[in-house]
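Down below is the structure, laid out as C-alpha cells.
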Amino acid sequence: MSKSIRQDFPAGVVRKVAERATYICSNPSCHRITIGPDQALPNSSIKTGEAAHICAASPGGPRYDMSQSEQERKGISNAIWLCGACADLVDKNQGKSYPADYLRKWKHDHEALMKECLEGGKRLVFQFLPHRHDMPLARRVVSILEDKSALYQPYAQEDPRRVLNSLKDLRTSLTAIRAEIDPESPLSVITESLIRACRHYMNTTPDNPRTDELNFSLGAVRKIVGINVGDLLRHYKIPVSHELSSIIPK
C-alpha cells in the first residue's frame, strides 16, 4: 500500500497520548519508561516510545477496521502509547496475537491507574522534603510488599482467588499503617497510591477472570506498585528484594 493513504496521528494526538500514559509503556507486562535525558546533549531529552495504532492506519495493516472514519483512525481513541519494542511486538503476525480489545484494555487500565494512583504535584514536591523520621514505617511498607508474591510471581503461577485475597490483605495492612503516617509525608502519598491500586483491581476485575484478563489487570497494578517502590528507594534509600525491584519501571 502507498504511504500516502496512511492516516497517521497529528502531533497533538501523539503528545497527548504520551502525556496521558505519563511516558510509560501501556503494556501491563512492560515496565519501560519512554523518555529520559540525552547524555550527549545536556538540554535535550530522548523519547523511545510511540503512539501506536490500535486499529491500523491503512488497509492491510494489523487490526485494520474498515468501519472507522478517517477522523476515528487518526483520533486519540485509536492511539495507545507503547515503547518501541512493544509497538513492534503487537503488530507481528498482523496483530493476531494482540487484538484491538486487548490494546483497548491495556490503555484503559494504564491511564485509569496513572490518573487515580499518581498524584503528580505532590510527588514533585515530596522529593525535596526531609521526612526521614518515618523511616521505620517506610520499612514496614516495604516488608509488607515483599511478602506479597502476587506482585512479582510469574503470571502462570497465579490463581485469581489467591491474587484477590492477597490484594485485599495488602490494602488492609496499608490502610492500618497509613493511620500512623504524617499526612504531609511522602510516605503518605506512596501508601495512598498503593491502596488505590489495590482498590482499582478489586473494583474492575471480574470474580473469575480469564487468564488474559488476570494478567492484564494484575500487570497494571504491578506497574503502579513498581513506581511507588522506586519512589521508596529514591527517597528513603531502603533496600528491597530482587523480586520486588524487578517491577520498578526501567
Take segment 185-212 and flag every residue that is surrounded by fewer than 16 Cβ atoms within 10 Å (Cβ to Cβ) and either touching a His at 6+ places or on another chain (Cβ under 6 Å) or acidic (Asp, Glu) (or both). ASP207, ASP212
Restricting attention to segment 229-250, which residues are assigned to a loop (DSSP other than H, G, I, E, B), open to solvent by 40 Å² or more (accessible area, probe 1.4 Å) and either touching a residue at least 12 places away in the same chain (Cβ under 8 Å) or hydrophobic (A, V, I, L, M, F, W, C) (or both)? SER246, LYS250
Looking across segment 190-220 at residues that are among the acidic types (Asp, Glu) and part of a helix (DSSP H, G or I), the single one that is nearest to SER173 (Cα to Cα) is GLU192
Being out of contact with any helix residue (DSSP H, G or I) (no Cβ under 8 Å at 6 or more places or on another chain) and open to solvent by less than 10 Å² (accessible area, probe 1.4 Å) is the requirement here; does GLY219 meet it? no
Would you mention how many residues in segment 129-152 are at pLDDT 90 or above and assigned to a loop (DSSP other than H, G, I, E, B)? 3
Six or more apart or on different chains, Cβ under 8 Å: which pairs go from a residue in segment 179-196 that's over 15 Å from ARG139 (Cβ atoms) to one that's in a loop (DSSP other than H, G, I, E, B) and hydrophobic (A, V, I, L, M, F, W, C)? Could you list them? GLU184/LEU129; SER188/ILE181; SER193/LEU118
Restricting attention to segment 75-84, does a residue exist that is hydrophobic (A, V, I, L, M, F, W, C), surrounded by 20 or more Cβ atoms within 10 Å (Cβ to Cβ) and assigned to a helix (DSSP H, G or I)? no
Search result, residues across segment 165-182 that are open to solvent by 20 Å² or more (accessible area, probe 1.4 Å) and in contact with an Asp or Glu (Cβ under 8 Å, 6 or more places away or on another chain): ARG178, ASP182
Scan segment 28-62 residue by residue and report those that are polar (S, T, N, Q) and surrounded by 11 or more Cβ atoms within 10 Å (Cβ to Cβ). SER29, THR34, THR48, SER58
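The values are calculated or read from the model by the stated rules, or taken from the named source; none is laboratory data. Everything numeric here is computed off the predicted structure, so don't read it as measured data. Neighbour counts run over all protein chains shown; Cβ positions are idealised from the backbone, glycine included. Heads up: the accessible areas ignore ligands, DNA and RNA and are worked out on the full protein's heavy atoms, side chains in. Shrake-Rupley method; radii C 1.70, N 1.55, O 1.52, S 1.80 Å.
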